[in-house]
Every structure is written in C-alpha cells, then in structure tokens.
Amino acid sequence: MTTARTAAEHLGAEYFQDPDSAHARLRAQGPVSAVIMPGGTPVWLVTGYAEARAALADPRLHKTAPGWPPQDSIFAALERHMLNSDPPDHERLRRLVNKAFTPRRVELPRIAAITASLLDDMAGQRDVDLLASFAFPLPITVICELLGIPVADRDDFRAWSSIMISDTATPAAYEAAATAMVRYFLALLAAKQHQPADDLLSALILAREDGDRLSENELVSMAFLLLVAGHETTVNLIGSGMLALLLNPAEMSRLQADPALLPGAVEELLRYVNPVNNATYRIAAEPVEIGGARVGRGEVVLVSLSSADRDPSRYADPDRLDIGRDSSGHLAFGHGIHYCLGAPLARLEAEIAFRALLARFGSMQLAVPAEALRWRPSTLIHGLETLPVRLFP
C-alpha cells in the first residue's frame with residue numbers, strides 16, 4: 001500500500017540530544033515518514049535499512065536543486081563539490097579528485113606520531129575534555145597536514161565548521177563563516193598555484209584528465225568538503241565511540257583484553273554511534289515511491305544513516321554495543337556513488353586512536369554523569385559538545 005504525505009511530525013530540539021528514540025518511534029510506524037526537521041525543512045525521512053540503502057543509490061534522487069546555489073552568492077564557491085553533484089558531473093569530479101587522493105597520501109605515518117604526542121600532552125592531568133585534548137586535534141591535524149593547511153589555523157576551521165553544520169546558527173553567522181572560509185581557501189590556493197608543495201591541495205590544482213581540470217570554485221568546494229568531512233566524522237567517531245565504550249565497560253574490557261578485535265570494533269562503533277546522523281539532502285527529480293510513501297517531484301528526501309544502522313530487521317538487538325558483531329553493510333559512510341572517499345583514512349585514524357588511547361589510559365572514567373553530556377545542535381552530524389573524563393595512569 002502506498003501513502004501520500006499526511007500531517008508531518010515536527011522534530012524539535014530534543015532530536016539533537018536523542019535522535020535514536022525519534023528514529024525508533026518513526027520506524028515503528030513505517031520505513032519512511034513525513035517530518036519537519038528542527039530547522040523547519042519538511043522532508044521525507046527514510047528510517048528503514050533496506051529503504052535507506054536503496055535511496056542512497058537511487059538515480060532519481062538528485063543532489064542538485066534547480067537554482068541552487070545562486071551564482072552571485074558565496075555558496076556558489078562552496079557547493080561545487082562531488083557530494084553535491086549528480087552524474088555526469090559527479091564522475092568527472094571524482095576522477096579528478098582520485099588522481100590526487102592516492103593510497104600513498106592516506107597511509108600517513110604521522111598519524112601514530114600525532115596520536116602519541118597528544119597522549120603525552122594529556123599525561124599528568126587528572127581531568128580532561130577528551131574532545132578538546134584528543135578527539136578533535138588528532139583528525140584536524142591529520143587533514144590539515146594532508147591538505148597542506150597550516151595546523152596553526154585549525155581552531156579557525158573548527159569554529160567555521162561548527163557554525164556551518166549547526167541547525168541553530170543564524171543566516172548571518174552562517175554566511176560570515178562561509179565567507180571567511182572561501183576567502184581563506186582562495187588565498188591558500190593562489191599561494192599553492194604559485195609554489196606547489198607535496199600536499200593534496202597542490203595535487204588537486206595539478207590534477208588533469210584528458211585536458212580537464214578543476215575550476216577555481218571547484219577547488220574551493222573540494223577543499224571545503226575534504227576539510228569538513230575529513231575531520232568531523234572522525235572527531236565524532238573517536239569521541240562518541242569512547243563514550244560508548246565507557247558506558248559499556250564489559251565491551252571496553254573485552255577490547256583491551258583482545259586488541260585483535262579492534263578492526264571489527266571500529267566497524268561496530270561506526271554502526272552504533274553513527275558520526276553522520278543523516279546524509280545530506282536529496283531532491284526527487286520525478287515522482288518516486290520509497291517504502292510505500294509517494295514522494296512528489298521536487299520534494300526533499302533525507303536518508304537517516306543512524307536509523308538504518310539501528311534497524312532491527314538488519315541487525316539483531318541493534319541498540320546493544322557488541323564489538324564482536326558482524327557489522328558489515330553498515331551505512332555510516334553512505335552507499336552508492338557518494339560513498340565516502342575518506343573512509344579508509346577515517347578507519348585508519350580510529351584504529352590508531354583507540355589502540356593508543358586504551359593502552360595508555362584504559363582506566364579512564366567519565367568525570368560527569370552521562371545524562372549531563374550535551375550533543376551539538378546539528379541534524380547532519382551527531383557529536384558531543386564536550387567529553388569530560390578522569391584519567392588514571
């Protein structure tokens with residue numbers, strides 16, 4: 001039986017703090033629901049695993065919307081990347097980026113050295129914010145070094161990124177952050193065009209495919225995507241993953257006793273904490289049926305990666321953390337042509353981070369009650385604002 005859009009449920013600010021409860025309630029009603037997101041956007045929210053996986057690969061659901069971004073807006077310089085593109089533009093952009101984003105660049109020996117340095121800085125302290133001291137600086141330092149961005153600028157990027165993924169930032173604050181980021185990248189790219197280095201941004205500038213190359217706006221957009229996506233996912237995987245382990249001490253002890261479980265544990269943590277709550281918006285290019293819902297042309301479809309990965313029809317007892325579970329097929333990195341380009345780097349960083357952190361400070365405890373923790377006001381990502389922990393050598 002198919003259903004058309006009925007009265008949509010409004011998801012309020014409580015959605016930021018506990019999206020899993022909202023998803024479970026909606027899934028019980030059906031795999032696709034008409035909702036209004038906290039920012040006011042009406043969408044078809046896809047919560048079932050099978051429907052989510054199919055929607056992510058459905059060519060009728062486009063990433064581009066007619067008239068957006070306006071050519072005279074600052075967003076025209078930020079939204080020309082492959083995550084916001086459809087075929088054939090997507091294949092063109094991905095080919096050019098793949099020429100620069102080589103396995104050699106991903107396998108950075110510096111990840112372990114950066115991890116060790118951050119843990120050394122934490123030594124001797126009793127109470128620390130694990131996000132500020134470790135989960136944020138590790139991925140942002142890695143991606144800055146990979147791209148060829150001065151690490152000294154990482155705090156600026158953290159501020160800009162937090163605004164641009166927030167559902168509660170004002171339009172003026174959002175535009176100011178976007179403008180600052182565009183100006184920064186334009187200046188940096190100009191310097192690298194004049195004097196290329198052995199980094200990813202220089203490689204993107206030099207990338208060629210049958211005489212084709214990335215335009216200036218495409219370069220700025222790709223730098224923006226790689227920087228934001230290249231650290232936000234891993235920051236929240238490390239932060240939320242450590243919280244999950246702290247709240248499940250038996251699983252944490254199991255992992256410490258058998259480090260060989262770590263690769264599978266990272267996959268289970270990706271499924272369980274889902275650093276990316278929802279995929280970016282898709283627009284129905286024609287009427288389409290998804291999970292019994294009739295989606296009209298031009299309507300917005302939002303695929304909930306975190307809900308799909310907690311769907312009991314795909315994973316038994318999905319709300320239980322089980323680091324020995326077969327979590328293959330999870331959608332934390334998406335699916336289809338927009339599958340995350342940086343997934344191997346995120347997995348590598350997470351394995352190194354969890355291994356070193358548990359070996360060095362495996363007796364850490366939460367320094368505040370779990371219910372006192374707050375989550376960032378974003379429907380795109382699901383990440384903690386802080387993670388206060390108490391360290392024991």
(request) Working carefully through the options A244, A229, A265, A223, find the one that is assigned to a helix (DSSP H, G or I), at pLDDT below 90 and within 24 Å of G329 (Cβ to Cβ). (result) A229
(message) Conditions first: (1) farther than 13 Å from V266 by Cβ; (2) among the hydrophobic types (A, V, I, L, M, F, W, C); (3) touching a Gly at 6+ places or on another chain (Cβ under 7 Å). I323 passes all but one, so which condition is the exception?
(response) (1)
(request) Report, by residue number, each residue of the stretch 336-365 that is under 13 Å from the mean Cα position of the chain (by Cα) and crowded, with 19+ Cβ neighbours inside 10 Å. (result) H338, L341, G342, L345, A346
(request) Considering (1) touching a residue at least 12 places away in the same chain (Cβ under 8 Å); (2) surrounded by 17 or more Cβ atoms within 10 Å (Cβ to Cβ), say which one D212 fails and leave the rest. (result) (2)
(request) Being assigned to a helix (DSSP H, G or I), surrounded by fewer than 16 Cβ atoms within 10 Å (Cβ to Cβ) and not charged (D, E, K, R) is the filter; apply it to the stretch 146-173 and report the residue that is nearest to the chain's Cα centre (by Cα). (result) A159
(request) State yes or no: is R271 closer than 27 Å to L56 by Cβ, of a type in the set (D, E, K, R), in a helix (DSSP H, G or I) and in contact (Cβ under 8 Å) with a residue 60 or more places away in the chain? (result) yes
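This table checks each residue for (1) of a type in the set (F, W, Y); (2) touching a residue at least 40 places away in the same chain (Cβ under 8 Å); (3) more than 19 Å from L237 (Cα to Cα); (4) surrounded by fewer than 17 Cβ atoms within 10 Å (Cβ to Cβ).
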residue: Y281; (1), (2), (3), (4): yes, yes, yes, no
residue: E286; (1), (2), (3), (4): no, yes, yes, yes
residue: A293; (1), (2), (3), (4): no, yes, yes, no
residue: S313; (1), (2), (3), (4): no, yes, yes, yes
residue: H330; (1), (2), (3), (4): no, yes, no, no
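Is it the case, given these coordinates, that V128 is at negative phi, part of a strand (DSSP E or B), in contact (Cβ under 8 Å) with a residue 24 or more places away in the chain and surrounded by 14 or more Cβ atoms within 10 Å (Cβ to Cβ)?
So V128 passes the test.
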(request) Taking the residues in the stretch 62-94 that are part of a loop (DSSP other than H, G, I, E, B) and among the charged types (D, E, K, R) as candidates, determine which candidate is modelled with the lowest pLDDT. (result) D72
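The values are calculated or read from the model by the stated rules, or taken from the named source; none is laboratory data. Quick caveat: nothing in here was measured; it's all calculated off a predicted structure. Backbone-built Cβ (ideal geometry, glycine too); neighbour counts: all protein chains shown.
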